[in-house]
Amino acid sequence: MSYKPMDFSNDSIARAEAYLEQVRPAAEASRWKPKYHVSAPANWLSDPNGFCRFKGEYHLFYQHHPYAPKWGNMYWGHMKSRDLVRWEHMPTALAPDQDYDKDGCFSGSAMEKDGKLYLLYTGNVWTGSDWTRDLQQVQCAAVSEDGVTFTKVPQNPLISSAPSGDIHPNHFRDPKVWRQGEYYYFVLGSRSRSDRGQALLYRSSTLLDWEFVSILAQGDARLGYMWECPDLFALDDKHVLIISPEGMAPEGDLYHNKSQSGYLVGKFDEERGTFEHGDFHLLDYGFNFYAPQTTLDDQGRRVMVGWMSMWDDEMPEKADQWAGMMTMPRVITMKDNQVLSMPHPELSQLRGAIIAYNDITLINEVNLEGVRGHCLELELKVRAEEGSVFGLKFGCSEDGTEETVLTYDGREGKLILDRTRSGQGPGGVRKAPVQLRDGRLVLRIFIDQSCAEIFVGDGELAMSARFYPGEASDRIVLFGDGSAVVEQLDKWEMNSCWL
């Protein structure tokens, strides 16, 4: 397909910014808008894009529909931070204003070169009414001197069609770029002609002229029909390929979300274009985690951000002119071939006053004075017996009709997150395998208006969830069967992440 140039002189971005300013007050007034999790000023936010550090600042772009709180023709929204803690909104970075991307600037990534910031993204064009088949996807770039105003390069599209072979010609997206030695590489999400998810590898010496290297990895039928938003990086002496498969069938307690996000651990050989890897593992066992992207922070730590929503969610916040948020930045590490994830340590800067308790026996229900709220962090260290059952309820109403319940069931060796009675929005239950360590369970729980992030131990398990309690449903209740003791409980109010 050939494309003719179109000159919009950034009118598309100016119009989007003007509309966002009109609807922003309604979004900011929403009781469900998070305080220390980032979201768009208004309307739709989904995949994190272009997560990077440029000229001493972190930039986080994202899939954005500025005109409605629903998915549509994708723009790239933009925010930045000096420390991954406090953020500020920036002008929209990319608009679908060219022939080759007129139906969406889809997901991608960022790379610094010669003091400039390049965004690599997928341009999308619908060619018919069947959105699973009638589409043309191409790979494109835009460049900026200051990291704020971007110009699409005249060479676009850099890659105008999918390679030949066992590669679906229409599903070919989400470039994630890195530099290794004298070359730039990126991985692309893809599907085979027989509908198996896979990742493609490309290489370039210029960042603009790309050659196809190989099908880097391909799944079996179990791993879905399409891998979105791949991300390949080194972690210790291994390599990790993050993928977000579409079309995985449930297996026991696992894979009950519409789409999944997880990882493969293996060894990447850039000379041969191969990635030998082990089994697929989830990055998050909750309801709402998709399309994560990573970068390195100023200390060399690998940091990950994900979209904390899911494609089939009701998203009651749409009525308030916004939809979607990101997880907190998580530092990911490797232990025994398992990826661990924990909140970035700098996030402790957002803590306010602390309330602490010690040696609380969990029998029936326990209410602790001062331990309630919509915007807080909890850390619990619990000593328990084998077979203990205990947990906590949050977002609880006074009459008990609303509650989100987190239960450790030692009889099953599982952590159970139940939002059946969470208020508005979807319900459901998610279960994850958890064992006591030396007779103890350590939990960190972050609650922020309409979301929760839960971390176990040193990060061996994470669970994320959106939930929509009533405005007065701010109680937190501990419970147990009498066989567990909270050795320590710390509760902090959390301050806003916005400058």
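Below is a table of values for the structure above.
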item: Some residue of region 39-49 being closer than 19 Å to GLY123 by Cα, touching a Pro at 6+ places or on another chain (Cβ under 6 Å) and surrounded by 22 or more Cβ atoms within 10 Å (Cβ to Cβ); result: yes
item: Failed item in (1) loosely packed, with under 13 Cβ neighbours inside 10 Å; (2) part of a helix (DSSP H, G or I), with GLU369 passing the rest; result: (2)
item: Residue tally, condition more than 25 Å from ARG475 (Cβ to Cβ), in contact with a strand residue (DSSP E or B) (Cβ under 9 Å, 6 or more places away or on another chain) and not in a loop (DSSP other than H, G, I, E, B), over region 428-449; result: 2
item: Every pair of residues 6+ apart whose Cβ atoms lie under 6 Å, when the first sits in region 288-307 and is free of Cβ contacts under 8 Å to residues at least 24 places away in the same chain and surrounded by 24 or more Cβ atoms within 10 Å (Cβ to Cβ) while the second is polar (S, T, N, Q) and assigned to a loop (DSSP other than H, G, I, E, B); result: none
item: Residue match in region 343-360 (condition: among the aliphatic types (A, V, I, L, M), at pLDDT 95 or above, farther than 30 Å from PHE479 by Cβ and assigned to a strand (DSSP E or B)); result: no
item: GLY425, sole failed condition from (1) surrounded by fewer than 23 Cβ atoms within 10 Å (Cβ to Cβ); (2) touching a strand residue (DSSP E or B) at 6+ places or on another chain (Cβ under 7 Å); (3) at pLDDT 95 or above; result: (3)
item: In region 53-78, residue nearest to the chain's Cα centre (by Cα) [restricted to those that are among the small types (Gly, Ala, Ser) and assigned to a loop (DSSP other than H, G, I, E, B)]; result: GLY72
item: Residues that are more than 19 Å from PRO154 (Cβ to Cβ) and more than 22 Å from the chain's Cα centre (by Cα), drawn from region 112-127; result: GLU112, GLY115, TRP126, THR127
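Let's see how each residue does on (1) more than 27 Å from the chain's Cα centre (by Cα); (2) of a type in the set (Gly, Ala, Ser):
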position	(1), (2)
ASP130	yes, no
VAL138	no, no
THR151	no, no
GLN155	yes, no
ALA162	no, yes
GLN180	no, no
SER190	no, yes
TYR202	no, no
GLU211	yes, no
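The values are calculated or read from the model by the stated rules, or taken from the named source; none is laboratory data. The structure presented is a predicted model; accordingly, all values stated were derived computationally and were not measured. Cβ coordinates were reconstructed from backbone atoms using ideal geometry, including for glycine residues, and neighbour counts include every protein chain displayed.
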